[in-house]
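Below are the structure tokens for one structure; questions will follow.
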Amino acid sequence: MFRSIAQVSDPANLRVAIVGSGPAGFYAAAALLASDLELDVDMIERLPTPWGLVRLGVAPDHPNIKAVSRAFEKTALNPGFRFFGNVEVGKDVEHDELLRLYDAVVYSVGAQTDRALGIPGEDLPGSWPATAFVAWYNGHPDFQDLSFDLSGERAVVIGNGNVALDVARMLALTPEELAPTDTTDAAIEAINAAGIREILVVGRRGPVQAAWTPVEVGELGELAGSDILVDPADLELDPGSEAELVAAAPTVRRNVDHLRDYAARAPAGKPRAIRLRFFSSPVAILGESKVEAIELVRNELVDGRAVATDERETIACGVVFRSVGYEGVPLPGVPFDEQTRTIPNEGGRVEPGLYAAGWIKRGPSGVIGTNKKDANETVELLLEDARAGRLSRTDEGTLEHLLEARGVEAVMYADWEAIDRAERAAGEPHGRPRIKLCSWDALLAAAK
Ligand SMILES: Cc1cc2nc3c(=O)[nH]c(=O)nc-3n(C[C@H](O)[C@H](O)[C@H](O)COP(=O)(O)OP(=O)(O)OC[C@H]3O[C@@H](n4cnc5c(N)ncnc54)[C@H](O)[C@@H]3O)c2cc1C
Ligand SMILES: NC(=O)c1ccc[n+]([C@@H]2O[C@H](COP(=O)([O-])OP(=O)(O)OC[C@H]3O[C@@H](n4cnc5c(N)ncnc54)[C@H](OP(=O)(O)O)[C@@H]3O)[C@@H](O)[C@H]2O)c1
């Protein structure tokens, strides 16, 4: 325990453990602490830093989105709240132990890995999951040893979601655009030095079916150092897509409007270009000892599904980022549905005393705000169980005693605040929001 624990929970209070300190965990904590029940919340996080993907997923050139952490800071200052960072459930403390120590346990551990494509060459050096690249440029301490070879002229990004656009845009930013961000120095250096001329974003379906959102598509048209290229032929919609577009949400129509604008533009000859290509699936990633090319097959839409034709094309590239979604991972002893890769639940209740919120509850989709409604739903059921007398704990010990006995040095909230101050102070002279500490050693040293 780096700092002594000032707050000791009242044994008469209901005790709730929340595992995972991303948006779902913080929204759950806020809802619990706003209830009329006397309760204490302990939030357990494997990293020394809170906020989950807000710190380590959201793109560094989107500081306004990262600022949602200010709302989480307010929750963390509630007297009934304690943060236990650097504590991993399944390693430092077991699921069964939490069930005994707490009246209720809420899992909000997110989706910790990537969905695979299942094609030959997927594991060649130079073929990366977007999860790894995103974690690397955002300073996740588990991903700093990675080395991305960006020397080739073409990078390929598979997928038509917002993460694919984050990856494409980050590769396309100029030194001036990267400089005021909290992207790690290693990533800034690598992106600035990259030989990339074209970033090819490949979608298996069409522009109407893409999962991205208008603000993110619109940004592609405003990059200082990158043109945006769309083939007008991809925007000639088949009758099915035409009907889908008419019935679609206004966001889809705005996406298509942006794409029509791009298709009509003449390239300005900027140093890099993002090219959006639709109706294409990867069938193989090719290369002797590293990625040299990707083989794509042309798709047709049949009842909204992508169905392969026999039209194939091989495109030279130096690196591939697979951005086809994240995926939950099981925790020892915690129920897990292998099909959906989530914790099986109804409205967030697994059983009285055990709950889930966020991506591990519903799967890896939705923006930060989506997790608020999601966590509130879970907390409502938890409070219903508490009021009905369905919650209890069997061990009157405490997490802090258990961790101390094991020699686990938890990073408490005040310790995280020390990390935060150090990072902000390092960034300030350079006009950056922070320079992240991104090794375990540096983070734990700053926490002390
Ligand atoms: C690359 C990327 C960019 C995004 N950008 C945006 C954006 O710009 N705007 C937007 O609105 N949404 C964005 N999103 C979506 C948003 O980040 C998610 O909706 C949200 O983070 C999901 O919240 P969560 O709490 O379920 O999971 P997470 O944010 O992933 O939090 C889970 C936490 O649990 C911890 N954890 C995992 N296992 C354990 C364990 N065993 N013990 C203890 N702790 C554990 C993790 O370390 C992590 O801190 C983005 C998502 C991604 C992937
Ligand atoms: N700025 C932001 O607001 C922001 C930024 C990043 C992320 N997010 C959110 O975070 C969530 C996760 O984003 P995400 O991009 O990881 O996931 P996503 O939105 O689910 O997009 C996944 C993409 O991968 C495609 N795909 C899946 N399997 C494929 C396969 N086998 N071959 C080819 N393509 C395949 C999907 O196509 P199909 O539709 O055909 O399945 C889809 O285009 C989303 O809700 C997103 O909006 C938001």
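The values are calculated or read from the model by the stated rules, or taken from the named source; none is laboratory data. Please read these numbers as outputs of a predicted model, since none were measured by experiment. Please note: Cβ atoms are built from the backbone with ideal geometry, for glycine as well, and neighbour counts cover all protein chains shown. Please note that ligands, DNA and RNA were not included when accessible areas were found on the heavy atoms of the full protein model with its side chains. Shrake-Rupley method; radii C 1.70, N 1.55, O 1.52, S 1.80 Å.
Please work out how much accessible surface residue 73 shows to a 1.4 Å probe, ignoring ligands, DNA and RNA, in Å² rounded to 10.
50 Å²
Separate question: In debye, nearest 20, what is the charge dipole magnitude of segment 217-320 about its Cα centre with +1 on Lys and Arg Cβ and -1 on Asp and Glu Cβ, if you could check?
Result for segment 217-320 is approximately 400 debye, rounded to the nearest 20.
Right, next: Which of the peptides 200-208, 112-120, 348-356 is most tightly packed, and how do the rest follow, going by the mean number of other Cβ atoms within 10 Å of each residue?
200-208, 348-356, 112-120
For segment 83-131, what Kirkwood radius comes out of the mean inverse Cα-Cα distance, in Å?
Taking every pair of different Cα atoms in segment 83-131, averaging 1/r and inverting gives 14.3 Å.
Can you give the convex hull volume per residue for the Cα atoms of segment 1-111, as a whole number of Å³?
Hull volume normalised by residue count: 106 Å³.
Nearest 500 deg cm²/dmol is fine: what mean residue ellipticity at 222 nm does the chain get from its DSSP H runs of n ≥ 4 alone, each adding -39,500 (n - 2.57), divided by its residue count?
Theoretical 222 nm ellipticity from helices: -9500 deg cm²/dmol.
Return the Rg/Rh value of segment 156-232, two decimal places, where both radii are evaluated on C-alpha atoms and Rh is the Kirkwood radius.
0.97
With no solvent and one equal point scatterer per Cα, compute the Debye intensity ratio I(q)/I(0) for the chain at 0.08, 0.10, 0.11 Å⁻¹ and report its log10, rounded to two decimals.
Here log10 of I(q) over I(0) equals -0.50, -0.77, -0.91.
Another question, then. Suppose every K and R has +1 on its Cβ and every D and E has -1 on its Cβ; what is the size of the dipole of segment 48-92 about the Cα centre, in Debye to the nearest 20?
Roughly 120 debye for segment 48-92.
If you don't mind, another one. State the volume of the convex hull built on the alpha-carbon positions of segment 126-165, expressed per residue in Å³ and rounded to an integer.
79 Å³
Hey, with R₀ at 30 Å, roughly what FRET efficiency would residue 261 and residue 153 work out to, going by the Cβ-Cβ distance, to 0.05?
0.70
Moving on. So, R0 is 22 Å and r is the distance between the beta-carbons of residue 311 and residue 237; what FRET efficiency does that work out to, to 0.05?
So the FRET efficiency works out to roughly 0.70.
How far is the Cα center of segment 32-58 from the Cα center of segment 213-282, in Å?
Cα centres, segment 32-58 to segment 213-282: 38 Å.
Suppose R0 equals 35 Å. What FRET efficiency, 1/(1 + (r/R0)^6) with r the Cβ-Cβ distance, do residue 430 and residue 68 give to the nearest 0.05?
About 0.90, to the nearest 0.05.
What part of the accessible area of segment 153-275, given as a whole %, is carbon or sulfur when the probe is 1.4 angstrom?
After summing per-atom areas, the C and S share lands at 54 percent.
Still on this structure, please answer the following. With a 1.4 Å probe and every protein chain left in place, work out the accessible area per residue of the chain in Å², rounded to a whole number.
About 43 Å² of surface per residue is accessible.
Let me ask something else. Carbon and sulfur together cover what percent of the accessible area of segment 15-96 at a 1.4 Å probe radius?
53 percent
Place the peptides 177-186, 128-137 in order of packing, highest mean first, counting for every residue the other Cβ atoms within 10 Å and averaging per peptide.
For the peptides 177-186, 128-137, the packing ranking is 128-137, 177-186.
Could I ask something else about it? Roughly what would the spin-label model give for residue 401 and residue 193, points 7 Å off Cα along C-beta, in nm?
Label at residue 401, label at residue 193, 5.4 nm between them.
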